Amino acid sequence: IKQINLKAKETLVENLGIVITDIDSLSVSGKMPVDNRTLQPFGLLHGGASVALAETLGSIAGGMQVDFKTHSVVGIEISSSHLRSVSNGWVYGKANAVRVGKKIQVWEISITNSSNKIISKSRLTLAVIKNDKQHSDK
């Protein structure tokens with residue numbers, strides 16, 4: 001977990017305050033602050049910030065399913081339903097595998113508030129791609 005959080009330095013993940021908190025074989029959990037970095041102008045959590053949290057968790061979970069020496073995962077579609085607003089504190093997300101295939105992965109991501117009420121639900125589809133020679137040498 002520490003290595004994943006360190007890799008987020010100077011990225012959107014760090015800028016939004018996203019922190020990975022738990023990992024197991026088919027899920028990844030994390031949290032994100034609801035503050036000036038993640039609010040929209042009306043003082044509520046921005047839907048785009050929720051989607052960024054969802055795609056971050058799902059992509060990390062998907063990446064754990066492939067051998068990065070030969071393959072990577074890339075997001076090809078995400079859909080999100082924003083179900084409840086939140087204006088402060090933290091939101092907590094968990095990505096769970098729906099299907100982990102050789103070419104396509106599907107992840108469901110639930111984001112909740114501190115009272116464990118659903119804020120949003122997302123579904124992320126990832127493509128598993130073979131690394132090109134140049135990328136795999138890095």
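The values are calculated or read from the model by the stated rules, or taken from the named source; none is laboratory data. Everything numeric in this text was worked out from a predicted model, so none of it was measured. Every residue, glycine among them, receives a Cβ derived from its backbone with ideal geometry; neighbour counts consider all protein chains shown. Keep in mind that these areas ignore ligands, DNA and RNA; they rest on the heavy atoms of the full protein, side chains included. Shrake-Rupley method; radii C 1.70, N 1.55, O 1.52, S 1.80 Å.
Looking across the stretch 4-21 at every residue that is open to solvent by 80 Å² or more (accessible area, probe 1.4 Å) and on the phi < 0 side of the Ramachandran plot, the one that is nearest to the chain's Cα centre (by Cα) is identified as Leu12. Pairs are defined by a Cβ separation below 9 Å, a sequence spacing of at least 6 or placement on different chains, a first member in the stretch 79-99 that is at negative phi and in a loop (DSSP other than H, G, I, E, B), and a second member that is open to solvent by less than 90 Å² (accessible area, probe 1.4 Å) and among the basic types (Lys, Arg); the pairs so defined are Leu83/Lys121. Scanning the stretch 20-41 for residues that are in a loop (DSSP other than H, G, I, E, B) and among the charged types (D, E, K, R) yields a total of 2.
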